[in-house]
Amino acid sequence: MNIQKQKICLPFLKKILPFEDDAADYLNHIKIGLTRGILLSDEYSITWLKEFQKYLLLYGLHFSKDDHIYFINLLYDFCFIESLDLRIVIETAKTLALILW
């Protein structure tokens with residue numbers, strides 16, 4: 001996998017902790033949860049938006065450019081769903097700001 005940008009401390013942690021597989025599994029888990037939450041448009045999506053925020057803070061942009069584009073499109077489209085709870089829109093905007101930063 002061609003990773004975009006890692007956190008500065010992650011190469012040093014590779015020697016201590018094997019996190020590469022954990023990061024990929026966690027990202028796949030988040031993708032499935034976000035997609036399900038967006039399709040259902042329910043409170044379930046807030047949980048996965050917060051999990052994705054945690055992933056971004058912990059691992060940075062530790063995913064491919066295709067995944068980056070996928071997440072941006074997914075979050076951008078999710079912001080414009082009508083009759084969506086304001087809390088979900090706010091969390092989506094926060095996550096979108098984190099991924100675009």
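The values are calculated or read from the model by the stated rules, or taken from the named source; none is laboratory data. The model shown is predicted, which means the values in this text are computed figures rather than measured ones. In this analysis, Cβ positions are derived from the backbone assuming ideal geometry, glycine residues included, and neighbour counts consider all displayed protein chains.
Numbers at a glance
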read-out	value
Hey, ILE38 at pLDDT 85 or above, among the β-branched types (Val, Ile, Thr) and not in a loop (DSSP other than H, G, I, E, B) or not	no
Residue ranges of helices (runs of 4 or more DSSP H) in region 44-101 with at least 2 members surrounded by 13 or more Cβ atoms within 10 Å (Cβ to Cβ), polar (S, T, N, Q) and in contact (Cβ under 8 Å) with a residue 24 or more places away in the chain	44-59, 86-100
Among the residues listed as LEU49, LEU61, the single one being modelled with pLDDT under 90 and within 10 Å of the chain's Cα centre (by Cα)	LEU61
